[in-house]
Structure formats: C-alpha cells, structure tokens
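> This is the structure I want to talk about, given as structure tokens.
Throughout, read-outs are computed from the coordinates displayed, never taken from laboratory work. The model shown is predicted, which means the values in this text are computed figures rather than measured ones. Every residue, glycine among them, receives a Cβ derived from its backbone with ideal geometry; neighbour counts consider all protein chains shown.
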Amino acid sequence: MKTALITGITGQDGSYLAELLLEKGYQVHGIKRRASSFNTQRIDHLYQDLHEGHVNFTLHYGDLTDSTNIIRIIQEVQPDEIYNLGAMSHVKVSFDSPEYVANVDGIGTLRILEAVRILGLEKKTRIYQASTSELYGGMPENKNAAGFYDESSPFYPRSPYGVAKIYGFWITKNYREAYGMYACNGILFNHESPRRGETFVTRKITMATAAIAMGKQDCLYLGNLDALRDWGHAKDYVKAMWLMLQQDQPEDFVIATGKTTKVRDFVQMAFNYVGFTIRWEGTGVDEVGILDAIDEQKYQAATGNPLSVQSSEFPTPNPELRTLNTEPRTPNVGDTLVKVDPRYFRPTEVDLLLGDPTKAKTQLGWKPEYDLAGLVEDMMRGDLELFKK
Ligand code: NDP
Ligand code: GDR
C-alpha cells in the first residue's frame with residue numbers, strides 16, 4: 001500500500017485527489033489548517049471514526065508557512081508521494097496580500113522540498129507541485145505557432161500569485177536537477193467543478209444563475225466579461241496529477257482542454273441551462289446582460305418550478321450583497337440579470353489562456369472525460385440542488 005500526503009486537502013483539487021487515491025488503495029494523509037469555523041466540508045464524507053481502529057484517511061493540522069510542522073508531518077508519514085496543492089489560490093486576492101502569497105505559494109514549496117531533503121527521503125518521496133497557466137500571463141507573443149501555450153512557452157506572470165507560483169515552479173525544477181529528486185510540475189489550466197470556491201468566476205456564475213432561477217437573487221455582478229479561459233473539470237485534472245508521479249522519469253506537463261471560452265459565453269451557457277437567453281447591451285462598465293427569452297420547458301425541467309410565480313418586484317433587492325430573498329420571484333423577460341462592476345477588475349489582467357495538452361495525452365495517456373458543456377451541466381445541477389434545499 002502506497003502512502004500519499006496532500007497539502008491543500010480541504011480545497012477543490014485536494015478533495016477529488018483524496019477520493020481518487022483512496023479508490024486506488026492508498027493510505028492518504030492530508031494537512032488542514034486550523035480555522036475558527038469548519039473548513040472540511042469537501043472531505044467530511046471521507047472521514048472515518050478514528051476510534052474504530054483501522055483508518056486509511058488521516059488529517060494533520062499544519063500550515064505551509066511553518067517549516068517545523070511540515071518537517072514533523074513528513075517525518076511521521078514517510079510518504080511515497082507528496083501532492084503540494086496548498087496555496088492562497090485567488091489571483092485577485094493576491095494583489096491584496098502579496099507577501100503572504102509569496103510565503104505560502106512560493107516559499108511553501110521550498111519548505112516541502114527541503115523537508116524531504118533534510119529527512120533523507122530524496123530517493124523515496126515523489127513530489128507533485130501545483131503549477132499553473134497563470135505563469136504564462138496570457139502574453140500573446142509567447143504562444144506557440146499554433147496559438148497555444150505548451151511546456152516550452154516562456155513565462156510572464158501578471159499577478160503576485162503568478163510571481164509566487166513561478167518561484168514554486170523553478171525551485172521544484174531546480175531540486176529535481178540538483179538532487180536527483182522525483183519532483184515535477186503540473187502546469188494546469190483552469191479547472192472547475194461543483195466544489196469550486198464560490199468567488200472564482202465559474203462558480204460565482206453557476207451559483208448566481210441557480211439563485212436567480214429559483215427567485216432568490218436578482219442580479220449577478222461580474223468584472224471582465226471578455227477574459228478567455230481554457231476550462232476543464234477538476235475530476236479529470238487530478239487524474240493527471242497522479243499519472244505524473246507514476247512515470248519512469250520526472251517531467252513537467254501542461255494539462256488543458258485545448259479550447260478557450262469567454263466569461264460572457266460561460267454566463268450564457270449557465271443561463272441556457274435554466275432556459276434563459278441573455279442579450280448583451282452597452283459597453284465597458286455599462287454593459288449589462290438582459291433576459292431576452294425564456295424556454296419554459298427547460299426552466300421547469302431544471303428548477304422543478306412553474307414560471308407562474310412572477311411578481312413585479314424582488315422582496316429585498318440588494319445590489320451590493322449576494323442577498324438571498326426570502327420570497328422567491330421568477331425573473332421576467334427584460335430584467336437585467338448581469339451587470340459589470342469594476343471592483344472585480346484586476347490591476348493587471350490575463351486576457352487569454354489556451355493550453356496544448358498533447359504531451360500529457362501522448363506520454364501519460366491522459367484523456368479528459370468532461371467537455372465544457374458537461375462541466376456547466378455538472379455545476380448547474382449541483383447549485384440548483386443547493387438552492388432547492
Ligand atoms: P483551493 O483554493 O480550492 O484550495 C487551496 C487549498 O490550500 C485549501 O485546502 C486551503 O486550505 C489550502 N491552503 C491555503 N493556504 C494554506 C496555508 N498557508 N497552508 C496550508 N494550506 C493552505 O484551490 P484548488 O483546489 O482550486 O487548487 C489547488 C492548487 O492548484 C492550488 O495550489 C492552486 O494554486 C493550483 N491551481 C489551481 C488551478 C485551478 O484552476 N483550480 C489551476 C492551476 C493551479 P483552506 O481550506 O483552509 O482554505
Ligand atoms: P483565474 O480564475 O484568475 O483564472 O485563476 P477566476 O475564476 O478568478 O477568473 C477567471 C477570469 O474571469 C474574470 N472575471 C472574474 N473573476 C472572478 N473571480 N470574479 C468575477 O466576478 C469576475 N468577472 C470576470 C477574471 O478577471 C479572470 O480573467 C484560477 C485560480 O484557480 C488560480 O489558482 C489558477 O492558478 C488559475 O485559475 C489557472
């Protein structure tokens with residue numbers, strides 16, 4: 001039985017990866033942070049009663065900013081594989097706390113690598129580093145001839161998050177070359193799921209669409225509607241992480257779908273799932289998305305509600321907060337469902353991401369199961385269930 005240690009186990013990817021490794025018969029250990037409220041919702045279903053004897057899923061309190069803690073946990077666990085997924089992962093927030101992000105996302109990676117070296121586990125422990133397409137920064141001149149970013153494209157990070165992650169990327173590569181460690185970078189493009197954090201754009205859209213369709217919210221406020229992202233499903237992407245650690249030689253791999261979509265088109269796809277068509281009007285910060293048509297059958301199938309519960313006003317309209325109305329009100333054709341709020345713009349933006357996963361497909365045999373339509377459906381279904389409850 002192999003033993004794996006996952007940092008960031010309470011996050012989106014950590015939870016899917018833990019499920020995958022448990023299915024494969026691994027002994028899974030994870031590092032969770034102490035928080036004043038519960039932060040283990042994504043993995044609670046994996047937890048077993050420690051008092052009942054044999055367990056193959058264990059959580060340790062810890063933090064990537066604490067070297068002694070990291071060394072002690074790795075010493076106790078003696079992992080065959082470490083997946084370093086822990087990070088302050090929000091690009092916009094990284095502009096607010098750049099030093100913290102450098103410490104966790106950059107130096108945190110060094111702490112893991114050094115701990116393995118200090119403990120003399122260089123030949124035993126394989127390390128996966130959660131690198132990111134944010135390293136490319138969306139610079140047009142750095143795409144390859146076919147218009148994609150691949151393993152040989154130059155980096156040009158555009159946020160404190162990207163800059164911290166570039167340190168993580170290079171220190172991982174350096175330890176591989178300097179000490180012969182099996183350490184590799186997965187350069188993963190955006191991946192989403194029903195477990196995605198609620199402030200990332202896809203989840204914000206699917207949650208708001210479900211809330212609006214169920215009459216519990218009036219409007220969705222977004223930033224840059226024209227950003228293009230290569231969106232895949234997190235369930236597919238954690239399989240690639242595992243595959244990267246099962247090779248003869250450690251190498252870095254791009255994981256992506258090879259297709260890119262605008263934020264506004266993701267919005268349209270989410271609203272279409274509940275039978276709403278959006279018409280865009282205006283430009284820049286004045287742009288709005290208006291409800292143009294409703295497919296009643298689709299609406300009923302998705303929400304389980306008839307359209308007849310319409311009234312002219314939302315009971316408690318609140319444009320600033322994501323207020324959940326107590327009395328549901330179904331939107332009418334002509335309502336403004338999406339507005340641009342410049343608060344969500346970033347000081348420097350990554351305009352376009354599009355990855356070429358050819359190396360992963362040929363060398364790892366990696367093949368995603370979800371396309372974008374399947375991803376939107378999975379997320380919409382999850383969020384409608386949430387609001388039905
Ligand atoms: P999440 O934000 O969902 O999860 C991040 C995890 O890191 C959480 O478990 C969080 O704990 C933990 N964490 C945060 N700060 C610390 C710290 N100081 N010490 C220890 N743990 C910490 O991210 P994802 O699951 O989406 O992403 C996983 C990794 O992959 C991240 O490193 C991210 O940067 C990277 N990545 C993600 C992509 C994506 O599209 N999802 C694409 C490319 C890379 P808590 O729950 O307590 O907050
Ligand atoms: P990203 O994801 O920055 O690509 O980082 P996010 O979903 O936050 O943004 C994607 C694009 O959507 C635009 N956008 C908005 N974004 C958010 N969060 N909220 C909004 O209201 C909004 N409106 C428009 C953004 O400007 C951006 O262009 C994610 C994270 O998971 C990183 O950790 C990971 O490394 C990269 O993906 C790959």
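> Output the number of residues of the range 347-365 satisfying the condition of being of a type outside the set (A, V, I, L, M) and within 16 Å of ligand 1 (Cβ to nearest atom).
Taking the range 347-365 and keeping what is of a type outside the set (A, V, I, L, M), we get 347-349, 351, 355-359, 361-363, 365.
Among the residues that remain, those that are also within 16 Å of ligand 1 (Cβ to nearest atom) are: 355-357.
Qualifying residue count, the range 347-365: 3.
> Could I ask something else about it? Within the range 1-102, which strands (runs of 3 or more DSSP E) (wholly inside it) include 2 or more residues that are within 21 Å of the chain's Cα centre (by Cα) and within 15 Å of ligand 1 (Cβ to nearest atom)?
Details: elements: 3-7, 27-32, 57-61, 81-84.
Answer list for the range 1-102: 3-7, 27-32, 81-84.
> Let me ask another. Looking only at residues that are under 16 Å from Val104 (Cβ atoms) and in contact with a helix residue (DSSP H, G or I) (Cβ under 8 Å, 6 or more places away or on another chain) in the range 1-29, which one is surrounded by the most Cβ atoms within 10 Å (Cβ to Cβ)?
Ile6
> What is the residue count in the range 212-237 for residues that are more than 8 Å from ligand 2 (Cβ to nearest atom) and either part of a loop (DSSP other than H, G, I, E, B) or more than 21 Å from the chain's Cα centre (by Cα) (or both)?
The qualifying residues number 11.
> Just checking, which of Leu121, Leu113 is out of contact with any Asp or Glu (no Cβ under 7 Å at 6 or more places or on another chain), in a helix (DSSP H, G or I) and buried (at least 16 other Cβ atoms within 10 Å of the Cβ)?
Leu113
> Another question, then. Can you tell me which residue among Gly138, Gly106 is within 16 Å of ligand 2 (Cβ to nearest atom) and within 16 Å of Ser94 (Cα to Cα)?
The unique qualifying residue is Gly106.
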